[in-house]
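A.B. asks: Quick one: the structure is below, and I'll ask about it shortly.
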Amino acid sequence: MFGEQQRFVLLLIAPAALLMLLFQVVPIVIGANASFRNWALYNPKKTWIGFDHYVAVITDPAFLYVVLPNTFLFMVLSVAGALVVGLALALLLNRPFRGQKLVQTILLVPLMVAPVIAAIMIRWIFNDQFGIVNVVLEAIGLEGQPWLVQRWSAFGVILLTDIWLWTPWFTLLLLAGLQSLPKEPFEAAAIDGTSTWRVFRFLTLPMLRPVIVVCVVIRAIDAFRTFDIVWTLTGGGPGRSTELFSLYAYVHAFLNLDLGRGSAAAIIGGLIILVIGVVLYRLVDRIAKA
Amino acid sequence: MAMVNRPTFLPWLPPMGRKTLFALAVALICFAFAFPVLWLILTSLRPESGVYYVHRGTEFTLGSFAEVLSDERIVTAFLNSALISTLATVFSLVVTVSSGYMLSRFTGPASRLWFGTIYVFRCVPYISWVLPLYFVTQSWGLYDTYTGLLLPHVAVHICFFSWLMKGFFDGIDPSMEYAAMIDGCTRWGAFIRVAVPSALPAISALAVLCWLFTWNEFLFALILTGNRVPVITVVMAQFVTEMGLRWNLMAATAVMALVPAFLVALFGQKYVIRGLRI
């Protein structure tokens, strides 16, 4: 039926395709089905209710005015923060200095820390009674804050944790990018006596652009689905004020035991990020070709 | 490069002062990055009575570690996490190396379709398929089993790692493979005996990343396992609520969970940095 080459090609991707079919495609189809039904534990018949869950989610003020703005704000700030810090550190590590290897190892530390562990550490550091942050603040005469039970300080702590966790990822990929840039333009700029800032602005940044865009796309998509650190740091609280989209779906499915509504929320989020993903992909493609 | 030696930053400072300032800034950055981990280690070494005043007092003890290690559930969780991470790494590499090879060496509709599929599934948030995967694993009898946690982990790595693997193979000249095929090697022979060995640095980098990702993963384990297959991240998250006030034990468990990841990363760092330089 197939030529020898087609058979080889198909066999190469067969295991991957089979796994994706069983563990991603099938669940998504079943989730889509559940999102149209009253799939709660007390209703064994799982009645078909059409788009009711979808309407319920998108008219839910908590989803509309808290969860969605939180998710987007978190995505933008977390990616921007990690990009700026990561780029600065990559530029630092790209110049030779004594102890560079040691500094590089230290800066990559957060990459090895599980988000759950990072969240536990940060929770302890920002503990309102015994956390070191408040101890230091009180020692210098300021007032300690109950960081994790106020909306915006809790959001800030979550953001800080995320940036700490993901900066090394940017540093690593951008450093690899910097080291593969051609040397000649930089040597020419040095001979012309161009200032460091202008070298960065007009040489490094444009040449690094494809790598930056790829990093941003990957991180943005991942930041949209952040779950671990929010769950462990605040559980979405105080109230529901730091809930992100993944938590909203999880809470509805497993805490309120309304699997239909949780699935609907998961699909709505999935569609939103799919649109963002396609737009970003076009952008990458255009930049890579330019 | 000449550029590096010529002062453009704070040119009025004497060279010694600039050097000191630079060293201080670097030290400060390193401290900021390492502080949370250092603080965690310090907390884990304090006795129960001193844990609330970590910054004061000089008593240190390994008692928390001993207490944690005598908890059977935590030890089981560590073993489970190690087993699942290792198996997931082996399976993921087999699956993604061949899929990445296909993406790199073949063009045409099949390859484009596969790449599009991978990209789309890379975008799908975990919760969107892991949440219904809960019903699926239950109806297949895989809920709360090793297989039921292992296979979704392998599946989730397919997209990103195939993509990275494609990049690595793109950087390897295929002419060696053609030469091998002219000499009578089959396609499989050319792939396994020629292409895979030359991609070994990249494959090692992926192995390190894959092990770390699986060890650190939380959401899958939270949804797909119950009491029979505890893994370390879930057990730790439960700690926060259950043993809320026993920070010395929590810190000790967290430190122990960091150790294997550190070892893997420390020995793998050079492969990751070399492998990611596409």
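A.B. asks: Quick one: which residue in A:Q5, A:Q100 is closer than 28 Å to A:V213 by Cα, out of contact with any Gly (no Cβ under 7 Å at 6 or more places or on another chain), within 14 Å of chain B (Cβ to nearest Cβ) and without any contact (Cβ under 8 Å) to a residue 40 or more places away in the chain? Steps first, please.
C.D. replies: Values: A:Q5 fails: closer than 28 Å to A:V213 by Cα.
The match here is A:Q100.
A.B. asks: Do we find a residue being crowded, with 19+ Cβ neighbours inside 10 Å and free of Cβ contacts under 8 Å to residues at least 40 places away in the same chain anywhere in the stretch B:200-217?
C.D. replies: no
A.B. asks: Let me ask you something else. Just to be sure before I move on: is A:T59 more than 30 Å from A:K183 (Cα to Cα), surrounded by 20 or more Cβ atoms within 10 Å (Cβ to Cβ) and more than 8 Å from chain B (Cβ to nearest Cβ) in the structure I sent? So that I can check it myself, show each step before the final result.
C.D. replies: On the way: more than 30 Å from A:K183 (Cα to Cα): yes; surrounded by 20 or more Cβ atoms within 10 Å (Cβ to Cβ): no; more than 8 Å from chain B (Cβ to nearest Cβ): yes.
Here the answer is no, as A:T59 does not meet what is asked.
A.B. asks: Name, by its number, the condition in (1) crowded, with 20+ Cβ neighbours inside 10 Å; (2) not in a helix (DSSP H, G or I) that does not hold for A:C215.
C.D. replies: That leaves (2) as the condition not met.
A.B. asks: If you take the residues in the stretch A:18-56 that are of a type in the set (A, V, I, L, M, F, W, C) and surrounded by 18 or more Cβ atoms within 10 Å (Cβ to Cβ), which one is farthest from the other protein chains (Cβ to nearest Cβ)? Walk me through it before giving the result.
C.D. replies: Filtering the stretch A:18-56 down to residues of a type in the set (A, V, I, L, M, F, W, C) leaves A:18-23, A:25-26, A:28-30, A:32, A:34, A:36, A:39-41, A:48-49, A:51, A:55-56.
Next, only the ones that are surrounded by 18 or more Cβ atoms within 10 Å (Cβ to Cβ) stay: A:19-20, A:23, A:28, A:30, A:34, A:36, A:39.
On the way: A:L19: 4, A:M20: 6, A:F23: 4, A:I28: 5, A:I30: 5, A:A34: 6, A:F36: 13, A:W39: 9 Å.
It comes out as A:F36.
A.B. asks: Separate question: Select from the stretch A:251-269 the residues that are surrounded by fewer than 24 Cβ atoms within 10 Å (Cβ to Cβ) and not charged (D, E, K, R) and write down the one among them that is nearest to the other protein chains (Cβ to nearest Cβ).
C.D. replies: From the stretch A:251-269, those surrounded by fewer than 24 Cβ atoms within 10 Å (Cβ to Cβ) are A:251, A:254-258, A:268; that's our starting set.
From what is left, the residues that are not charged (D, E, K, R) are A:251, A:254-257, A:268.
On the way: A:V251: 11, A:F254: 7, A:L255: 12, A:N256: 13, A:L257: 12, A:I268: 9 Å.
Of everything passing the filter in the stretch A:251-269, A:F254 is nearest to the other protein chains (Cβ to nearest Cβ).
A.B. asks: Another question about this same structure. Give the residues of the stretch A:165-192 that are exposed (fewer than 12 other Cβ atoms within 10 Å of the Cβ) and either more than 8 Å from chain B (Cβ to nearest Cβ) or not in a loop (DSSP other than H, G, I, E, B) (or both), sorted by residue number.
C.D. replies: Passing the criteria: A:P182, A:E184, A:A188, A:I191, A:D192.
A quick yes/no check of all residues on (1) more than 25 Å from B:F213 (Cα to Cα); (2) crowded, with 23+ Cβ neighbours inside 10 Å; (3) within 9 Å of another protein chain (Cβ to nearest Cβ); (4) over 20 Å from the mean Cα position of the chain (by Cα):
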| residue | (1), (2), (3), (4) |
| --- | --- |
| B:L45 | yes, no, no, yes |
| B:L62 | yes, no, no, yes |
| B:S70 | yes, no, no, yes |
| B:S81 | no, yes, no, no |
| B:S104 | no, no, no, yes |
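A.B. asks: Restricting to the stretch A:193-203, name every residue that is within 11 Å of another protein chain (Cβ to nearest Cβ) and part of a helix (DSSP H, G or I). Give the steps one after another, and end with the answer.
C.D. replies: Step one: list which residues in the stretch A:193-203 are within 11 Å of another protein chain (Cβ to nearest Cβ), which gives A:193-200, A:203.
Within the stretch A:193-203, A:T196, A:W197, A:R198, A:V199, A:F200, A:L203 meet the criteria.
A.B. asks: Being buried (at least 19 other Cβ atoms within 10 Å of the Cβ) and more than 13 Å from chain B (Cβ to nearest Cβ): is that true of A:L83 here?
C.D. replies: Details: buried (at least 19 other Cβ atoms within 10 Å of the Cβ): yes; more than 13 Å from chain B (Cβ to nearest Cβ): yes.
Spelling it out, A:L83 is indeed buried (at least 19 other Cβ atoms within 10 Å of the Cβ) and more than 13 Å from chain B (Cβ to nearest Cβ).
A.B. asks: Being free of Cβ contacts under 8 Å to residues at least 60 places away in the same chain, closer than 30 Å to B:W129 by Cβ and over 15 Å from the mean Cα position of the chain (by Cα) is true for just one of B:V240, B:V234, B:V194. Which residue is that? Break it down into steps so the answer makes sense when it comes.
C.D. replies: Numbers: B:V234 fails: free of Cβ contacts under 8 Å to residues at least 60 places away in the same chain; B:V194 fails: closer than 30 Å to B:W129 by Cβ.
Checking each option against the conditions leaves just B:V240.
A.B. asks: Has the stretch A:226-233 got any residue that is more than 9 Å from chain B (Cβ to nearest Cβ), at pLDDT 85 or above and in a loop (DSSP other than H, G, I, E, B)?
C.D. replies: So far as the stretch A:226-233 goes, yes, one or more of its residues are more than 9 Å from chain B (Cβ to nearest Cβ), at pLDDT 85 or above and in a loop (DSSP other than H, G, I, E, B).
A.B. asks: A follow-up question, please. Can you spot a residue in the stretch B:120-127 that is assigned by TED's automatic domain parsing to the domain that holds B:V229 and touching a residue at least 60 places away in the same chain (Cβ under 8 Å)?
C.D. replies: Within the stretch B:120-127, the first condition is being assigned by TED's automatic domain parsing to the domain that holds B:V229, and the residues that meet it are B:120-127.
From what's left, touching a residue at least 60 places away in the same chain (Cβ under 8 Å): B:126-127.
Yes, some residue in the stretch B:120-127 is assigned by TED's automatic domain parsing to the domain that holds B:V229 and touching a residue at least 60 places away in the same chain (Cβ under 8 Å).
The values are calculated or read from the model by the stated rules, or taken from the named source; none is laboratory data. None of these values were measured; they are calculated from a predicted model. Glycine gets a Cβ as well: all are built from the backbone with ideal geometry, and neighbour counts include every protein chain shown.
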